[in-house]
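Participant: One structure follows; several queries about it will come next.
Laboratory data are not the source of any read-out in this text; all were calculated from the coordinates shown. Quantities reported herein were computed from a predicted structural model and do not represent experimental measurements. We place every Cβ from the backbone using ideal geometry, glycine too, and count neighbours over all the protein chains shown.
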Amino acid sequence: MRITQGTFSFLPDFSDEQIEAQIRYALRNGWAISVEHTDDPHPRNVYWDLWGLPLFDLGEDDAEKAMREVRACREAFADRYIKVLAYDASYGRQTTALSFIVNRPRPEPGFRLTRRDDHDRVMRYDLGPETVTGRERGNGSAAPTETRRPRHER
């Protein structure tokens with residue numbers, strides 16, 4: 001299953017030259033660059049682990065410095081998702097202007113959908129990772145399907 005998060009997620013994976021071109025674009029706009037990684041790409045998991053410190057005050061000609069961080073993160077975490085983020089500080093707060101995945105594990109984990117009955121015939125659905133790096137991982141909300149009790153026993 002191909003995870004589609006961030007900009008360009010519908011396109012094939014970028015080459016290093018294409019990644020560097022996007023970093024140059026971000027730097028040309030004055031955005032700070034950050035590299036993050038995770039083994040849990042759940043759609044609600046927006047805060048991934050930070051690789052090093054964000055790269056502030058880089059000029060457009062400093063894209064290679066950001067690429068070195070991307071390569072180092074890939075070497076350390078080849079089996080994880082890695083993304084590049086560009087932050088725009090012009091609004092006076094940390095605002096993500098650009099975010100895209102630059103590394104994916106092989107194979108990519110899938111997701112499972114758990115359906116359960118709740119009171120008054122309400123159906124609840126929970127989305128959770130199928131497996132992540134060979135272990136089950138829940139987000140606390142995925143519960144097995146509950147057995148309904150007759151109304152007079154509730």
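Participant: From the C-alpha coordinates alone, can you work out the Kirkwood hydrodynamic radius of segment 31-127, in Å?
Facilitator: 15.5
Participant: Can I ask one more? Write out the trypsin sites (Lys or Arg not before Pro) in segment 26-85 meeting two conditions: DSSP loop, and at most 10 other Cβ atoms within 10 Å of their Cβ.
Facilitator: Answer by residue number: R44.
Participant: Still on this structure, please answer the following. Given a Förster distance of 22 Å, report the FRET efficiency between D117 and N45 from their Cβ-Cβ distance, rounded to the nearest 0.05.
Facilitator: 0.20
Participant: Evaluate E = 1/(1 + (r/R0)^6) for K65 and F10, where r is the Cβ-Cβ distance and R0 equals 35 Å; express this FRET efficiency to the nearest 0.05.
Facilitator: Efficiency for this residue pair is about 0.75.
Participant: Please give, to one decimal in nm, the separation of the simple spin-label points placed at E108 and S90, each 7 Å out from Cα toward the Cβ.
Facilitator: 3.1
Participant: Continuing with this model, one more query. Restricting attention to the alpha-carbon atoms of segment 1-53, what are Rg (one decimal) and Dmax (integer), both in Å?
Facilitator: Gyration radius and largest Cα-Cα distance of segment 1-53: 12.5, 35 Å.
Participant: Okay, moving on. Would you order M67, M123 from fewest to most other beta-carbon atoms within 10 Å of each residue's own beta-carbon?
Facilitator: Starting with the residue having the fewest Cβ neighbours, the order is M123, M67.
Participant: Can I ask one more? 5 Å is the cut-off here: which amide hydrogens, built 1.01 Å from N in the peptide plane, fall below it relative to G128, excluding neighbours closer than 5 in sequence?
Facilitator: Residues meeting the criterion, in which the H sits 1.01 Å from N, are R112, T114.
Participant: I'd like to know how segment 37-78 sits against the 2.2 N^0.38 Å rule of thumb: what's its Cα Rg over that expected value?
Facilitator: 1.35
Participant: Based only on other Cβ atoms within 10 Å, what is the fewest-to-most ordering of S34, S99, S9?
Facilitator: S9, S99, S34
Participant: Output ³J(HN,Hα) for segment 95-100: one whole-Hz value per residue in order, computed from phi by the Karplus curve 6.51 cos²θ - 1.76 cosθ + 1.60 with θ = phi - 60°, and x for Gly and Pro.
Facilitator: 10, 6, 9, 7, 8, 8
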